[in-house]
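The values are calculated or read from the model by the stated rules, or taken from the named source; none is laboratory data. Here the structure is a predicted model, which is why all the values come from computation and not from measurement. Here the Cβ positions follow ideal geometry from the backbone for every residue, glycine too, while neighbour counts run over all protein chains shown.
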Amino acid sequence: MEIQRRVLKDGAVRWRVRWRQGGRYRVQTFDRKGDAVTFGAELRRRQQLGTLTEMDMGRVTLADYVVGTWCEAYASQLSPKTWMHYRQLLNKHILPALGPLELRAIRPETIGRWQAERLAAGYGRAAPRSVRSHRRRSNECVPRVRRATRR
């Protein structure tokens, strides 16, 4: 594991932590050196405990993420009627097609392809629009997952 100082073209300084995990190099970038050092210390601690693999959250499927993380974080903030509607959309439209996919495999092209298939199958525009809404809301907590899975 190493911590590198990077100077961007605009003169801003970024700190990059680079480590090897599962046969691949991983990188996480920080604005402050203290954050990079703290993250590096956490990596070392997880390596010593043998729990470093838990950081590879991109391997979690959408279904597991929705049930285990998203629902716990957001369901309580929704009105009962809204939550019932979301649950219906998830169970009928989203999870059957996209649920088995790993989070890191879900890209804009994946959503676009799924949306085109739904429209071709005769479903209205409401389901694809709702998926974009769900994705936008889930992206509030997914950036941590995306950053952890970048090469």
Study note, to complete from the structure: The condition from (1) over 21 Å from residue 99 (Cβ atoms); (2) modelled with pLDDT under 85; (3) in the same structural domain as residue 101 (by TED's automatic domain parsing) that residue 79 misses is numbered (2)
Study note, to complete from the structure: Checked against (1) at pLDDT 85 or above; (2) of a type outside the set (Val, Ile, Thr); (3) outside any helix (DSSP H, G or I), residue 20 satisfies every condition except (1)
Check your understanding: Has segment 111-134 got at least one residue that is modelled with pLDDT under 85, surrounded by 11 or more Cβ atoms within 10 Å (Cβ to Cβ) and within 14 Å of the chain's Cα centre (by Cα)?
Key -> yes
